[in-house]
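S.K.: To start, I am sharing the structure in question, which I have written as structure tokens.
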Amino acid sequence: MSKQVQQLDRVVIRFAGDSGDGMQLTGDRFTQESAVFGNDLVTLPNFPAEIRAPQGTLPGVSSFQVHFADHDILTAGDAPDVLVAMNPAALKANLGDLPKGATVIVDSHDFTARNLAKAGYEANPLDSLGEPDDVLAGLAVHPVDLTGMTVAAVKEFGLSRKDASRAKNMFALGLLSWMYGRPTEPTEAFLAKRFSKVPDIRDANLTAFKAGWAFGETTETFAVRYEVKPAPMGPGTYRNITGNLALAYGLVAGSVRSGLPLFLGSYPITPASDILHELSKHKAFGVTTFQAEDEIAGIGAAIGASFGGALGVTTTSGPGIALKSESIGLAVMTELPLVVIDVQRGGPSTGLPTKTEQSDLLQAMFGRNGEAPVPIVAPQSPGDCFAAAVEAARIAVTYRTPVMLLSDGYLANGSEPWRVPDVSPDSADLPTIDPDFATETNHGEGEDAEFWPYLRDETTLARPWAVPGTPGLEHRIGGLEKGEGHGNISYDPANHDLMVRTRQAKVDRIADSLPPLEVDDPSGSARVLAIGWGSTYGPIGAACRRVRKAGHEVAQVHLRHLNPFPRDLGEVLARYDRVLVPEMNLGQLSMLLRARYLVDAVGYNQVRGLPLKAAELAEALAALITETQQTEESRP
Amino acid sequence: MTTDSSTELGMPALRTGTELVPTLADGAPPATAKDYTSDQEVRWCPGCGDYAVLKAVQSFLPDLGLRRENIVFVSGIGCSSRFPYYLDTYGMHSIHGRAPAIATGLATAREDLSVWVVTGDGDALSIGGNHLIHALRRNVNMTILLFNNRIYGLTKGQYSPTSEAGKITKSTPMGSLDHPFNPVSLALGAEASFVARTIDSDRKHLTSVLSAAAAHRGTSLVEIYQNCPIFNDGAFDAIKGRDTAADALIPLVHGRPIRFGADGAKGLVRDHETGGVRVVEVGRDGVTDDDVLVHDAHAADPSTAFAISRLTDSGYLNRSPIGIFRQVERATYDDQARAQVSAAGHAAAGEPADRLAALVGGGDTWTVV
């Protein structure tokens, strides 16, 4: 049977099921197939904080959304074009996100009275398709007995019914892979490897995957196949990568680049733990990972390692930063290199552990006692976590300071195609990171020659880094105020004033090493600027494209450095009549911009635990642009 | 460097605490206490027990024969935590309670350092209790000097986690309600591999315990009874008094019967009813010399050491064992961590930069030309 093939430029698919149904794996495999096929893509995993929430219930629903396209895209998509729902709860939980005309594939097998009741359905919505009371009206619903067909397909392997039905996610993957013409080899190779030690399970999964594909090809339920052509990308080698993986690689690269052994002190916390897991695999690079007894010990050990001449790193999320605050202050005072990674999640307190948010910016900026300035960098996409981590290492080592890197839950688990950078020693893709250890005395001559641990570099204001084991440079550092230069304890009022200002000036000087901002203003005559930081880069960029497509002009700037701000930021802000600041918080960057530049920043703020939706943001931008024009016209 | 043979065994061979620390060159003049004295003015109260400990440490460190630049003292917060400023070694005066965590990172990152932690009863047992027990269970190669004056000194006289219950202080005008920790019992409970107790005023004993602690590979915990003349003066009078010390101090010497009191009239025997130990008068009630417990610091099972530690009063101090309660060989966290890194490094072929390229360029990739 030959099927009609329809060309599409982009599709958003959401796989949804119970937390035990393997939806993250299914989505991840579909993503890998799409990546290898050459589509541009962005993903959005979304799962409950509970490892096994009650089966079949709404809180137990886990989903994975993938947006793939034949062109460069920036977000995981505002709404799914296709929903695969493995049970009634998955249907109900995601129904509200579906636009009219969306395709819904449901596993009809799991629409039992018990499961319907758990999901809060009084009647089976599949029984009233096309009827006046059809709650799924306006959607193209395809009930398919995924479980039943999976069990039948893998019968020959003699698995229990429970084990057999577990392969239903691979059946669903096979079906979707057929529908969108995905290459099957990567998934087949993956299954063969993952289950190599359990041949029955391996064969069942492979068979279910192929059966799903064959079902799509033969059934009359699906009359159309879709084709999304590869996206044009610049030359290079690409891979699909999540933010946490890219971040871990960036830390290893920072270590190799600087020649400093990496020491990670960390305590498990969602959504940062995967960085600890990943780095613990890379001992061959001289990486030591220390799973500490708590967040404070994690950063303490990292500071100890930095004192010993390692690249000290600690990874956590917002609640962990709260616990590490005093230690970050110690690193500010002792002026030791330290990379502090905050994979932000919904707060306050335990908040939303598995959901994304950008609400730790002010904690990173000010969350310590005393005047304790800390440089802040933020990645803008999953792949960009690599470069951001290298940059954090550069600043930490060059300026002898703790550096905060603000990732978030969306970047951590989301993925995108990433052009593999050149990491060779003479690569221009990576900055120079020179530890420049002190080896000689730096004050006085001859018999009086001494080492002064707080005698600074004139350009960077960084202090010398002399590690234990260096003869003649013995010195003591600590949390008490230092005398300028010699570094001994000082309670002198004038010295304290000087040292507070000097530590601030050192951080401010980092701006001298930053490139000018990249302002995306195609026409050069936009009156409104959208400025953001972190993972909102995608939605802001997508919103700007929409606005421009509709005939408006808008400029976009995205900040990698939140402290210090780039030197030209004030001048860029001043060029525009209005500035919109979209953030997943209640206006933290807005507050900093207003305070620093006296700019009347307009906030666009959502704290829903989800990335901003490009379409809604585009409306807000368009409204501001229109308002700006009207204000201009109404002037005398 | 970790040797290949130890890597093959999956566990590094046991070594002395300072085995990997560079020593002074042959023929180099031996260091003196003066070499270890920094130019900073010591600022403890007159009569503070810390002076005696500082002098003892400054005099003892040259005996190790190590290069001074390879010795690091890390401290927390409190009177005793000012210690590093007064020693001309590398040092860090860190934050309250966290010195064991910082020292853990340092000792793991650097096998060639002799790492010392100086802490007090408040720093180590109150705010830093968690880090202390975890350092002890991990057995990181470092020596922890726990100055116990049973009071908060730097904050001016509140009761501490080792103060006797009912203690009247500024924050407890009607008497404290907290039951105190016995630091030695706590350390043994955390399965510390080296646990000892000594006294600030007994220079000879203090030095011999420090010497054994430094030689031990793993975490050595040394509790030092230290008098605070301002806020808790006389806390140790019974064990220091000319007339009372003999009955108050129970010296522990490995391989020797545990005898004390005037002319060694008293001794410890096993108490078969409680499973613990008890004090007896040797020669009375049918107790003979043979019944007296012979101290075995190297016993794998810490039960007897724990039983001995319970002889210390939890109220006003009238009696306490001193010496090395326990010293056993156990693989250290840092040796094993370095062995894993070393083994992984040896197993990998090629330059780090090339391997980095393979790492970032791994996984499912595709090429666009």
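The values are calculated or read from the model by the stated rules, or taken from the named source; none is laboratory data. Computed from a predicted structure; not experimentally measured. We place every Cβ from the backbone using ideal geometry, glycine too, and count neighbours over all the protein chains shown. The area values use the complete protein model at the heavy-atom level, side chains included, leaving out ligands, DNA and RNA. Shrake-Rupley method; radii C 1.70, N 1.55, O 1.52, S 1.80 Å.
S.K.: Scanning for something within 28 Å of A:L473 (Cβ to Cβ) and open to solvent by less than 10 Å² (accessible area, probe 1.4 Å), does segment A:343-357 turn up at least one residue? Before the answer, list the steps.
M.R.: Filtering segment A:343-357 down to residues within 28 Å of A:L473 (Cβ to Cβ) leaves none.
Scanning segment A:343-357 turns up no residue that is within 28 Å of A:L473 (Cβ to Cβ) and open to solvent by less than 10 Å² (accessible area, probe 1.4 Å).
S.K.: Just name the residue that is farthest from the other protein chains (Cβ to nearest Cβ) out of those in segment A:445-501 that are modelled with pLDDT under 95 and open to solvent by 70 Å² or more (accessible area, probe 1.4 Å).
M.R.: Residue satisfying both the conditions and the ranking: A:E445.
Yes/no per residue for (1) crowded, with 24+ Cβ neighbours inside 10 Å; (2) under 23 Å from B:G49 (Cα atoms); (3) out of contact with any strand residue (DSSP E or B) (no Cβ under 7 Å at 6 or more places or on another chain):
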{"residue": "B:A135", "(1), (2), (3)": "yes, no, no"}
{"residue": "B:R150", "(1), (2), (3)": "yes, yes, yes"}
{"residue": "B:G153", "(1), (2), (3)": "yes, yes, yes"}
{"residue": "B:G157", "(1), (2), (3)": "no, yes, no"}
{"residue": "B:P161", "(1), (2), (3)": "no, yes, yes"}
{"residue": "B:G166", "(1), (2), (3)": "no, no, yes"}
{"residue": "B:T169", "(1), (2), (3)": "no, yes, yes"}
{"residue": "B:P173", "(1), (2), (3)": "no, no, yes"}
{"residue": "B:V184", "(1), (2), (3)": "yes, yes, no"}
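S.K.: For segment B:237-319, which fully contained strands (runs of 3 or more DSSP E) count at least 3 residues that are within 28 Å of the chain's Cα centre (by Cα) and over 21 Å from B:E223 (Cβ atoms)? Walk me through it before giving the result.
M.R.: Values: elements: B:249-252, B:266-270, B:277-281.
So the answer is B:266-270.
S.K.: A:I241: hydrophobic (A, V, I, L, M, F, W, C) and not in a helix (DSSP H, G or I), yes or no? If you could, list the steps in order and put the result at the bottom.
M.R.: Details: hydrophobic (A, V, I, L, M, F, W, C): yes; not in a helix (DSSP H, G or I): yes.
Spelling it out, A:I241 is indeed hydrophobic (A, V, I, L, M, F, W, C) and not in a helix (DSSP H, G or I).
S.K.: From B:A343, B:A300, B:A331, B:A337, which residue is assigned by TED's automatic domain parsing to the domain that holds B:R217, exposed (fewer than 14 other Cβ atoms within 10 Å of the Cβ) and under 29 Å from B:F194 (Cβ atoms)? Explain how you work it out, then say what you get.
M.R.: Numbers: B:A343 fails: exposed (fewer than 14 other Cβ atoms within 10 Å of the Cβ); B:A331 fails: exposed (fewer than 14 other Cβ atoms within 10 Å of the Cβ); B:A337 fails: exposed (fewer than 14 other Cβ atoms within 10 Å of the Cβ).
Result of the check over B:A343, B:A300, B:A331, B:A337: B:A300.
S.K.: Let me ask something else about it. A:G17: more than 18 Å from A:N240 (Cα to Cα), crowded, with 20+ Cβ neighbours inside 10 Å and at pLDDT below 95, yes or no? Spell out how you get there, then give the answer.
M.R.: Working: more than 18 Å from A:N240 (Cα to Cα): yes; crowded, with 20+ Cβ neighbours inside 10 Å: yes; at pLDDT below 95: no.
It is false that A:G17 is more than 18 Å from A:N240 (Cα to Cα), crowded, with 20+ Cβ neighbours inside 10 Å and at pLDDT below 95.
S.K.: May I pose another question? So which residues in segment B:75-96 are assigned to a loop (DSSP other than H, G, I, E, B), more than 8 Å from every other protein chain (Cβ to nearest Cβ) and small (G, A, S)?
M.R.: B:G76, B:G78
S.K.: May I ask you to say which residue of B:R259, B:R270, B:R284, B:R355 is within 14 Å of chain A (Cβ to nearest Cβ), of a type in the set (K, R), without any contact (Cβ under 8 Å) to a residue 40 or more places away in the chain and surrounded by fewer than 20 Cβ atoms within 10 Å (Cβ to Cβ)? First the steps, then the outcome.
M.R.: Details: B:R259 fails: within 14 Å of chain A (Cβ to nearest Cβ); B:R270 fails: within 14 Å of chain A (Cβ to nearest Cβ); B:R284 fails: within 14 Å of chain A (Cβ to nearest Cβ).
Result of the check over B:R259, B:R270, B:R284, B:R355: B:R355.
S.K.: Name the strands (runs of 3 or more DSSP E) wholly within segment A:1-116 that hold at least 1 residues that are under 24 Å from A:A152 (Cβ atoms) and not polar (S, T, N, Q)?
M.R.: Working: elements: A:4-8, A:10-18, A:40-46, A:61-69, A:82-85, A:103-107.
Strands (runs of 3 or more DSSP E) meeting the threshold: A:10-18, A:82-85, A:103-107.
S.K.: Restricting to segment A:208-236, count the residues that are on the phi < 0 side of the Ramachandran plot and either within 14 Å of another protein chain (Cβ to nearest Cβ) or among the hydroxyl-bearing types (S, T, Y) (or both). Spell out the reasoning first.
M.R.: The first filter runs over segment A:208-236 and keeps only residues on the phi < 0 side of the Ramachandran plot, leaving A:208-235.
Next, from what is left, pick out any that are either within 14 Å of another protein chain (Cβ to nearest Cβ) or among the hydroxyl-bearing types (S, T, Y) (or both): A:218-219, A:221, A:226, A:229-235.
So the count comes out to 11.
S.K.: Tally the residues that are open to solvent by less than 10 Å² (accessible area, probe 1.4 Å), under 22 Å from B:D335 (Cβ atoms) and among the aliphatic types (A, V, I, L, M), restricting the search to segment B:74-122.
M.R.: Residues meeting the conditions: 10.
S.K.: Considering every residue within segment A:236-244, establish whether at least one is basic (K, R), touching a helix residue (DSSP H, G or I) at 6+ places or on another chain (Cβ under 6 Å) and buried (at least 18 other Cβ atoms within 10 Å of the Cβ). Write out each step before concluding.
M.R.: Residues of segment A:236-244 basic (K, R): A:239.
Checking the rest, the ones that are also touching a helix residue (DSSP H, G or I) at 6+ places or on another chain (Cβ under 6 Å) come to none.
So far as segment A:236-244 goes, no, none of its residues is basic (K, R), touching a helix residue (DSSP H, G or I) at 6+ places or on another chain (Cβ under 6 Å) and buried (at least 18 other Cβ atoms within 10 Å of the Cβ).
S.K.: Within segment B:212-236, count every residue that is over 12 Å from the mean Cα position of the chain (by Cα) and part of a strand (DSSP E or B).
M.R.: Residues that pass the stated criteria total 1.
S.K.: A:P522: closer than 30 Å to A:Y410 by Cα, open to solvent by 30 Å² or more (accessible area, probe 1.4 Å) and not aliphatic (A, V, I, L, M), yes or no?
M.R.: Details: closer than 30 Å to A:Y410 by Cα: yes; open to solvent by 30 Å² or more (accessible area, probe 1.4 Å): yes; not aliphatic (A, V, I, L, M): yes.
Spelling it out, A:P522 is indeed closer than 30 Å to A:Y410 by Cα, open to solvent by 30 Å² or more (accessible area, probe 1.4 Å) and not aliphatic (A, V, I, L, M).
S.K.: Follow-up. Among the residues of segment B:97-108, write down those that are more than 21 Å from B:Q58 (Cα to Cα) and more than 7 Å from chain A (Cβ to nearest Cβ). If you could, list the steps in order and put the result at the bottom.
M.R.: Filtering segment B:97-108 down to residues more than 21 Å from B:Q58 (Cα to Cα) leaves B:97-98, B:100-102, B:104-108.
Passing the criteria: B:G97, B:P100, B:A107.
S.K.: Would you mention how many residues in segment A:185-207 are touching a residue at least 60 places away in the same chain (Cβ under 8 Å) and more than 14 Å from every other protein chain (Cβ to nearest Cβ)?
M.R.: Total meeting the criteria: 0.
S.K.: Then there is this: Regarding B:A337, is this residue more than 9 Å from chain A (Cβ to nearest Cβ) and either part of a helix (DSSP H, G or I) or among the aliphatic types (A, V, I, L, M) (or both)?
M.R.: On the way: more than 9 Å from chain A (Cβ to nearest Cβ): no; either part of a helix (DSSP H, G or I) or among the aliphatic types (A, V, I, L, M) (or both): yes.
Considered against the rule, which asks whether it is more than 9 Å from chain A (Cβ to nearest Cβ) and either part of a helix (DSSP H, G or I) or among the aliphatic types (A, V, I, L, M) (or both), B:A337 comes out as no.
S.K.: How many residues are out of contact with any Asp or Glu (no Cβ under 9 Å at 6 or more places or on another chain) and open to solvent by less than 70 Å² (accessible area, probe 1.4 Å) if we restrict to segment B:287-297? Before you say what the answer is, go through the steps one by one.
M.R.: Let us first name the residues in segment B:287-297 that are out of contact with any Asp or Glu (no Cβ under 9 Å at 6 or more places or on another chain), namely B:288-297.
Those left that are additionally open to solvent by less than 70 Å² (accessible area, probe 1.4 Å): B:288, B:292-293, B:295, B:297.
The qualifying residues number 5.
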